[in-house]
Amino acid sequence: MPSAEPTAGATAGPTLEVTAVDAVDPELRRRLLACWTDVTNAGGAVGFVPPVTADDVAPVLDALLERVRQGRERLVVLRVDGEPAGWAVLSLSLSPLRRHWATVLRVQVHPSRQGRGLGRVLLSGVHDVARAQGLEMLHLTVRSGYGLERFYAGLGYREFGRMPGAIRVAPGDDREEVHLVVTLGPPAQPAG
């Protein structure tokens, strides 16, 4: 689990924790829903086009949480000082031919926490969860026009294709869906 380590003479920073979550209680569900709604309304490319309300997002979140409950997807939550600050999903394949990789979905950090490197912490934690599950590769897609390819390239992802016009943000505003992949190395060894 990634965590912030204070440097000598510095004030201790926040405690960062990224974990896979198998059971979602009502409070965590409320926090996930608020995050997804707020990220979307701040312009985040996480499956909706703003504006949205919690009522718009709730059925999609509940379907996702049912797949988590069934073991078809893994929910990975970033906490800052114990409070949920972001999350992502590992979508697992049911095919025996594809069980060595997963698709990363819904990567998001709450807008009030953005700009502090937490997206990188979240994705590093997603990679750790994937490795612990025996996964060797991760796939994700981003919508063009947001510059997200650079962020993911910094985490080792490489582009392998684009689907023109796959994302319709608004009438007359179609975007490419950019496909990225990363090959995971062995699990990180604990320091010490």
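The values are calculated or read from the model by the stated rules, or taken from the named source; none is laboratory data. Please read these numbers as outputs of a predicted model, since none were measured by experiment. Here the Cβ positions follow ideal geometry from the backbone for every residue, glycine too, while neighbour counts run over all protein chains shown. Just the protein is used for accessible areas: all its heavy atoms, side chains included, with ligands, DNA and RNA removed. Shrake-Rupley method; radii C 1.70, N 1.55, O 1.52, S 1.80 Å.
Can you tell which of Pro96, Pro84, Pro59 shows the greatest fluctuation in a Gaussian network model of the chain with Cα springs below 10 Å?
Result for the chain, Cα springs under 10 Å: Pro96 fluctuates most.
How much length is gained on full extension from Arg69 to Ala170, taking 0.36 nm per residue of separation minus their Cα-Cα distance? Please list the in-between numbers first.
On the way: separation 101, 0.36 × 101 = 36.36 nm, distance 3.34 nm.
So the chain would gain 33.0 nm between Arg69 and Ala170.
Under 19 Å from a label point 7 Å along Cα→Cβ of Glu136: give me every residue in segment 159-181 with its amide N that close.
It comes to 160, 180-181, nothing else.
In segment 79-192, carbon and sulfur make up what percent of the accessible area (probe 1.4 Å)? Numbers along the way, then the final one.
Details: 3250 of 6170 Å².
Here it works out to 53 percent.
What FRET efficiency comes out for Ala34 versus Arg120 if R0 is 25 angstrom and r is the Cβ-Cβ distance? Round to the nearest 0.05.
Values: r = 22 Å, r/R0 = 0.90.
Result of the calculation: an efficiency of 0.65.
Using 0.36 nm times the number of residues separating Arg162 and Ser112, minus their current alpha carbon distance, what extension gain do you get?
On the way: separation 50, 0.36 × 50 = 18.00 nm, distance 3.11 nm.
Length gained, Arg162 through Ser112: 14.9 nm.
What dipole magnitude, in Debye to the nearest 20, does the chain give about its Cα centre under +1 on Lys/Arg Cβ and -1 on Asp/Glu Cβ? Mind showing how you got there, number by number?
Working: 21 positive and 21 negative charges, 75 e Å.
Here the size comes out at about 360 debye.
Which one, Ala12, Leu140, Cys35, projects farthest toward the positive side of the charge dipole computed for the chain from Cβ point charges (K/R +1, D/E -1)?
Leu140
Can you give me the accessible area per residue for segment 23-141, using a 1.4 Å probe, in Å²? Before the final figure, lay out each step's value.
Working: 5530 Å² over 119 residues.
About 47 Å² of surface per residue is accessible.
Using only the Cα atoms of segment 73-133, build the gyration tensor, take square roots of its eigenvalues as a ≥ b ≥ c, and label the shape rounded, prolate or oblate: rounded if a/c is under 1.5, else prolate if a/b is larger than b/c, else oblate.
Details: a/c = 2.70, a/b = 2.45, b/c = 1.10.
It comes out prolate by the Cα gyration axes.
What's the longest piece of the chain with no exposed trypsin sites (Lys or Arg not before Pro), counting a site as exposed if DSSP puts it in a loop and it has at most 16 other beta carbons within 10 Å? Mind showing how you got there, number by number?
Values: sites that count: Arg72, Arg98, Arg99, Arg116.
My reading of the result: 117-192 is the longest stretch.
I'd like the accessible area for Ser112, computed on protein heavy atoms only with a 1.4 Å probe and all protein chains in place. Round to 10 Å², please.
We get 70 Å² for Ser112.
Hey, what's the Cα Rg ratio for the chain versus the globular rule of thumb, 2.2 N^0.38 Å?
Scaled against compact globular proteins, the figure is 1.03.
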